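In what follows, a single structure is set out as structure tokens and then discussed.
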Amino acid sequence: MLMRFIAVFLGASVSLSAIADEFPPRTVTIVSPYQAGGTSDIIARILAQKLSERWSKSVIVENRPGANGGIGVTAVARATPDGTTLLAVASSALTINPLFYSKLPYNVENDLAPITRTGRVANVLVVNPGVAAKNVQELIALAKSKPRTLSYASQGNGSNGQVTGELFKQSAGIDILHVPYKGSAPAVQDLLGGQVQLMFDNLPSVLPLIRSGQLRALAVTTAERDPQLPDTPTMAESGLKGFDTSAWFALLAPKATPEPVRTEIERAVVAVLTAPATREQLRAAGIEVAADGSSELQKRIADETQMWRTVISKAGIKLE
């Protein structure tokens with residue numbers, strides 16, 4: 001009986017190792033649960049190209065937008081757990097959406113297996129040039145002088161832009177209105193048109209508009225200045241001590257994906273992301289590589305979920 005058990009165990013181990021060695025068996029699909037062109041989508045497409053070269057198999061990106069990322073995330077959570085369907089997603093779908101939606105069709109911990117973070121970007125506070133504020137303190141003074149007159153745009157209810165905006169309100173002690181949009185693009189269009197006055201957005205999305213003078217950058221939300229905007233201060237430098245948030249992006253697989261397969265995917269993704277050519281390609285788009293592995297991703301999801309839970313609770317905002 002013991003020998004039979006050992007034989008079965010060894011056979012299973014060899015089988016799993018063989019699966020990992022032969023991975024991928026066919027085309028790999030990276031699901032991007034957003035419209036094409038956003039930061040997450042940029043990372044997914046660069047990653048697909050590099051993985052195709054490494055594996056000598058096709059790796060494609062499939063955009064499945066809707067429900068603030070929920071449609072695409074759910075599709076991956078329910079996919080066959082063999083590693084050929086992966087999720088390239090923004091942090092908000094993992095750390096913010098579960099706090100807003102009590103009836104999500106997916107559970108991050110139970111349905112998804114972390115592979116690695118892929119990149120991170122600073123959020124930047126931008127204003128329409130018509131706003132009479134050249135820095136964060138002037139913006140705060142303006143907001144305090146005219147409560148509920150200024151409005152900030154976000155990429156949607158439950159987005160990273162909304163909770164960062166709420167953190168700004170709490171940190172600065174101001175009362176400004178939230179105007180949600182269906183994505184970054186329409187929000188930026190109204191910001192350019194002056195229908196809203198300010199916004200926290202991913203730096204890559206608005207960097208060309210900042211450089212052209214169509215938007216004014218007041219501060220980045222990270223602990224250190226961003227190399228893309230070396231003359232733009234941080235929120236902490238602007239008087240809001242401890243203000244340190246960023247948008248980051250990650251790759252995940254269905255939860256039941258075999259560990260050897262997850263390990264192979266993690267190894268491959270970290271290798272291609274940390275290659276100098278890939279790092280420079282992403283940096284040119286305003287994205288810093290953050291290929292720190294599955295354990296760090298799991299910890300970060302837990303830590304940031306708790307941080308945003310505090311912000312959301314204090315703001316008293318609910319979507320349901």
Would you mind telling me which numbered condition in (1) open to solvent by less than 50 Å² (accessible area, probe 1.4 Å); (2) touching a strand residue (DSSP E or B) at 6+ places or on another chain (Cβ under 9 Å) Pro186 fails? (1)
Test: Pro254 is open to solvent by less than 30 Å² (accessible area, probe 1.4 Å) and under 20 Å from the mean Cα position of the chain (by Cα): yes
Would you tally the residues in segment 270-320 being open to solvent by less than 40 Å² (accessible area, probe 1.4 Å), more than 20 Å from Gly165 (Cβ to Cβ) and of a type outside the set (A, V, I, L, M)? 5
With respect to Thr263, determine if the residue is open to solvent by 30 Å² or more (accessible area, probe 1.4 Å), under 27 Å from Ala113 (Cα atoms) and among the β-branched types (Val, Ile, Thr). yes
Looking at segment 187-206 only, could you name the residues that are in a helix (DSSP H, G or I) and modelled with pLDDT under 95? Leu203, Pro204, Ser205, Val206
Taking Pro227 as meeting all but one of (1) in contact with a strand residue (DSSP E or B) (Cβ under 7 Å, 6 or more places away or on another chain); (2) at pLDDT below 95; (3) in a loop (DSSP other than H, G, I, E, B), write down the number of the exception. (1)
Quick check on segment 43-63. Is at least one of its residues of a type in the set (A, V, I, L, M), open to solvent by 50 Å² or more (accessible area, probe 1.4 Å), under 20 Å from Asn160 (Cα atoms) and not in a strand (DSSP E or B)? no
Mind counting the residues in segment 193-209 that are surrounded by fewer than 22 Cβ atoms within 10 Å (Cβ to Cβ) and farther than 21 Å from Gly286 by Cα? 3
Residues that are open to solvent by less than 20 Å² (accessible area, probe 1.4 Å), at least 3 per element: which helices (runs of 4 or more DSSP H) completely within segment 66-174 meet that? 70-77, 91-95, 136-145, 160-172
Could you please let me know if Ser212 is at pLDDT 95 or above, more than 20 Å from the chain's Cα centre (by Cα), open to solvent by 40 Å² or more (accessible area, probe 1.4 Å) and among the hydroxyl-bearing types (Ser, Thr, Tyr)? yes
I need every pair where a residue in segment 179-199 that is touching a residue at least 12 places away in the same chain (Cβ under 8 Å) has its Cβ under 8 Å from the Cβ of a residue that is open to solvent by 20 Å² or more (accessible area, probe 1.4 Å) and among the hydroxyl-bearing types (Ser, Thr, Tyr), sequence separation at least 6 or different chains. Gly183/Tyr34; Ser184/Ser205; Ala187/Tyr181; Val188/Ser205; Asp190/Tyr181
Being modelled with pLDDT under 95 and under 23 Å from Asn202 (Cβ atoms) is the requirement here; does Ala122 meet it? yes
Any pair with Cβ under 6 angstrom, 6 or more apart, that starts in segment 301-315 at a residue that is farther than 17 Å from Phe243 by Cβ and ends at one that is in a helix (DSSP H, G or I): Ile301/Leu94; Ile301/Thr95; Thr305/Thr95; Arg309/Leu99
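Listed here are the residues, each with its yes/no results for (1) under 25 Å from Glu288 (Cα atoms); (2) aliphatic (A, V, I, L, M); (3) touching a Lys or Arg at 6+ places or on another chain (Cβ under 7 Å).
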| position | (1), (2), (3) |
| --- | --- |
| Leu142 | no, yes, no |
| Gln155 | yes, no, no |
| Gly161 | yes, no, no |
| Asp175 | no, no, yes |
Can you tell me which residue is surrounded by the fewest Cβ atoms within 10 Å (Cβ to Cβ) among those in segment 32-42 that are of a type outside the set (A, V, I, L, M, F, W, C) and in a helix (DSSP H, G or I)? Asp41
Please give the number of the condition Leu209 fails out of (1) closer than 30 Å to Ser313 by Cβ; (2) in contact (Cβ under 8 Å) with a residue 60 or more places away in the chain. (1)
Just the residues that are closer than 22 Å to Thr257 by Cβ and in contact with a Lys or Arg (Cβ under 8 Å, 6 or more places away or on another chain), please, taken from segment 107-137. Asn110, Asp111, Leu112, Ala113, Ile115, Arg117
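The values are calculated or read from the model by the stated rules, or taken from the named source; none is laboratory data. Model, not experiment: these values are computed from the prediction. Don't worry about glycine lacking a Cβ; one is built from the backbone with ideal geometry, like all the others, and counts go over all protein chains shown. Remember, those area values only see protein heavy atoms, side chains included, never the ligands or the DNA or RNA. Shrake-Rupley method; radii C 1.70, N 1.55, O 1.52, S 1.80 Å.
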